[in-house]
Every structure is written in structure tokens, then in C-alpha cells.
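One structure is given below, encoded as C-alpha cells.
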Amino acid sequence: MQKIDIAIAGCGIGGLSAALMLHGQGHRLTLFERFAEPKPVGSGLMIQPTGLSVLDSLGLAGQVFSLGAPVDALLGLNTEDEPVLEAAYADLSFPQAVGIGIHRSSLFDVLFEAVQKAGITVETGREVDRTELGSGGRTLHFADRPQSPAFDLVVDALGVGSTLVPPASATLPYGALWATVDWPSSGPFNPRLLEQRYRRADQMVGLLPVGQGKAAFFWSLKGEDFPAWRDAGMAAFHDQVCALWPALEPVMVQLTEPDQLAFARYSHRTSPAAIGDRLVHIGDSWHAASPQLGQGANMALLDARGLAVAIAQTDSLEDALKRYVALRSSHVRLYQALAWMFTPPFQSGSIWPALFRDLFMAPASRIPPGPRLKANLVAGLVGARLGELELEVPDYSALS
Ligand SMILES: Cc1cc2nc3c(=O)[nH]c(=O)nc-3n(C[C@H](O)[C@H](O)[C@H](O)COP(=O)(O)OP(=O)(O)OC[C@H]3O[C@@H](n4cnc5c(N)ncnc54)[C@H](O)[C@@H]3O)c2cc1C
């Protein structure tokens, strides 16, 4: 396709990676972000083999690998100390595969530095309100600034609260409190495991290594219970967490103020359309889900790759957007359905999903080919169509 003018709204994981790829193809890029200084919000996340393959295509896998922590497996135990969630990357068909636990800011810094190095224009302090299509192309409109010039294409990478998709009620009852803590060197913790503990499905606590001596701590909490949690005070919280997972004591002594924890509300929403006239949605603006399966950032990276490949393979913008949908929609639909199914067994107020998890789901998933299927699901690889996205799983032995 001939070189075009592209606006990307949102300087998050999807927006930054799409900017790098499309700039690399020679298109003219401008990124718009509401923050005065682009910055990531939140604590840790997992980069799966899918996401790492995209980062590898950008030449950034080594940096991400060195800043994060290699994670061999996910392990979740119930109050009887029975494993009810187990997935090991060793069950994948390629050697030395791992997930990478990483602080959101480390991933952001790697992508943002690459954008700056590439000389891509980033316009900050631009709160995107809406977009309009005119004869000269598509413009972005901002809260209290003049509108943008017209672009051939607007990429909506505004995340779950995008103002460029129809508003929809998407907030799930449960979210989680997140905090970054020092890795507890005392205690029975394996630095290569993402571990969780559950009481039924209404209590969940987890610890994810994120590299550089740090861990992400998370505690499941209902949105409506957040004010009561603040009122109850940190001593009560400490007792509640340690009653579920006593070994977490060295983590809990680090958390003395409520403001050390950020409450993340989770959403589940798939926008009715991924594309419009000179408009495309990538990442959470297209499909947001609770992070039970740890896929959101990886999906945003894959969307960015899908868009770049589609634009490179086609002669017209219309064909490119259709190709993007063809490349990505089946994977998006599958993982949206899986996230919807897997949320209640791990976050709900009802006893039944937890019983189903403990009595049927966990035992059944241990019977072959259960372990391999689970590993592929967690790795994001089921239906990801890496070949069509011109991606290969990175060579983990070279990275480590
Ligand atoms: C607590 C938590 C834990 C998670 N854990 C994982 C995990 O383990 N693995 C995983 O893969 N995913 C995880 N996710 C999901 C993942 O973070 C998201 O799916 C991913 O960040 C989506 O990328 P994005 O580029 O679509 O949006 P974002 O990364 O959210 O970026 C959106 C950008 O747009 C900007 N923006 C928003 N609105 C406007 C506006 N009106 N005007 C201008 N700019 C705007 C924002 O400031 C931001 O920079 C988690 C999410 C949460 C909340």
C-alpha cells in the first residue's frame, strides 16, 4: 500500500507497538495521549509466548526478557492445599518456553523508548473525545484543544474506556487490589512461579514475580466492597490475607497504607465492530476481559501486528481493514469466550463455580492432553495464527 497518514489514539501497549510497526513500514505516524507524560497504570502483567513473538519482531524481546522474571508455571491452591490451577510452560512443544512476569512500567519504558528513538511524534495532553469523518479524512477531537488535522486512518488504542466505541456497561463485579512489593526472600516462594491461593471463588490472593527483585501482589475484591475495605484498615486486611496464605506475612508487612494498593476494576466487553470507515480498534478498545487468563497485553500486541501485516499485504485501506479482521477475529472471539467462562470459577460470590473448579475442572485438566492444552491456552497460542501474522515463537534458549 502507498504510504499514508496515520493517527494513533492512546500511548499504551497496543498504540506504542502499532506505531513502531507502521512507522517501520514508512507510514507517517502521530500518537495522541491524554497524559502530559505518557505513563503506565498498574502493577505486573504476564508476557506470553504470543506477545513475546511480537516483541521479538520489533527487536525488543531481549530487553523485555532481561527486565522481567521468567515464569515456568502457574499454580493455584485451594484451602485444602489441592492444586486447582496448574499450567506449566514445559508442556508446550518448544524448548525452554516461559512466561515473563514484568512490571507494566518496564514494558512501557521499552516500547516508549523505542518510539522516541524512531522519532515518532507523540502529542501529549490530548484527551480524545470523539472522531469525525470528513472529505479529507478522519479527525480526532479533544477535550479543550483544537481538533487534529485529517488522517487517512485513525487507530483507536484508547484501552477499555475508549471514547471511540459505543459506550457499554462492561464492569465486572470483581476487580483486584494490586501492589508492587519487594520479592519475599524469606519464605517458601519459588521465584519462577505465579502462585495463587483461593477460598471458594470469593477470595483470591496471588504473587507474580516481575523481575528486578520485585513482585506484584494482588487480592480479589468486589467493586462495591472497596469503600468498606478502606474503612476496615490495614490490620484487618493483613489478617484476612494471612488467614488465606500465612506465608505471605513478609509481603503483608510491606503494605502499611491503603494508598500502596491500587484498585483495578475489571471489564468484559467486545465492541460490536473492530473497524469503521478509516477507523480501526486494537487491544482493549476492541475487546476487554478480566485478566484471569493473562492475555490482554498480548492480545493488544497481536492486534498491532495483525494491523501492520494487513496494511503491508494489501493495496487499499478498505482491504487492509478487512484483512485485519480476518487475521484477528477468531482468536479474539475464542479468548473472549474463554475469559468469560474462566472468570466465575476464580472470581464470584457463588459457591457453585468454585465447586465445579475443584471437583471437575481441575481433575479433568490433568488427564492428557489436558496439560498440553492448558499450557497452549495460557500461552495464548490456541488459534493465534502466528504463521499468518508472519511471526515465530522466539528462541527462548538464545534469550536466556
Ligand atoms: C490489574 C490488571 C492486570 C492485568 N494483567 C494482565 C496480564 O497478566 N497479562 C496481560 O496480557 N494483560 C493483563 N492485563 C490487561 C492489559 O493490561 C491490557 O489488556 C492492555 O494494557 C491493553 O492494552 P491497550 O493498548 O489496548 O490499552 P492500554 O494499555 O490501557 O492503553 C490505553 C492508553 O490510552 C490512553 N487513553 C485512554 N483514554 C484516553 C483518551 N480519552 N484520550 C487520550 N488518551 C487516552 C491511556 O492513558 C493509555 O496510555 C491486566 C489488566 C489489569 C487492569
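Read-outs: derived from the displayed coordinates by stated rules, not from any lab. This one's a predicted model, so the numbers in the text were calculated from it and none came from an experiment. Cβ placement follows ideal geometry from the backbone for every residue including glycine, while neighbour counts extend to all protein chains displayed.
Brief remarks on what is shown
- DSSP beta bridges confined to the chain are antiparallel in about 70 percent of cases.
- The three principal axes of the Cα atoms in the range 297-390 give end-to-end lengths of 53, 30, 17 Å, sorted in falling order.
- Ordering of 378-386, 344-352 by packing is 378-386, 344-352, highest average first (other Cβ atoms within 10 Å, averaged per residue).
- Too-long pairs where the Cα-Cα distance tops 31 Å, listed order kept, from Lys117/Lys214; Lys3/Lys117; Lys3/Lys374: Lys3/Lys374
- Amide hydrogen neighbours beyond the local backbone of His287, cut-off 5 Å, H modeled: Ser271
- q = 0.19, 0.24 Å⁻¹, the range 297-339: log10 I(q)/I(0) [Debye, one scatterer per Cα]: -0.54, -0.76
- Ordering of 135-146, 285-296 by packing [mean C-beta count within 10 Å, highest first]: 285-296, 135-146
- Taken over the chain, the percentage of Cα pairs per 20 Å bin, counting from 0 up to the bin with the maximum distance, is 28, 57, 15, 0.
- Note that the range 141-152 has calculated 3J(HN,Hα) couplings of 10, 10, 4, 9, 9, x, 5, 7, x, 7, 10, 5 Hz, one per residue in order, obtained from phi through the Karplus relation 6.51 cos²θ - 1.76 cosθ + 1.60 (θ = phi - 60°); glycine and proline are x.
- Shown for the chain are the DSSP H helices of 30 Å or more along their axis, judged by Cα atoms, with a mean Kyte-Doolittle hydropathy of at least -1.0: 317-346.
- Average Cα contact separation per residue, the chain, under 8 Å, 6 or more apart, as relative contact order %: 24 percent
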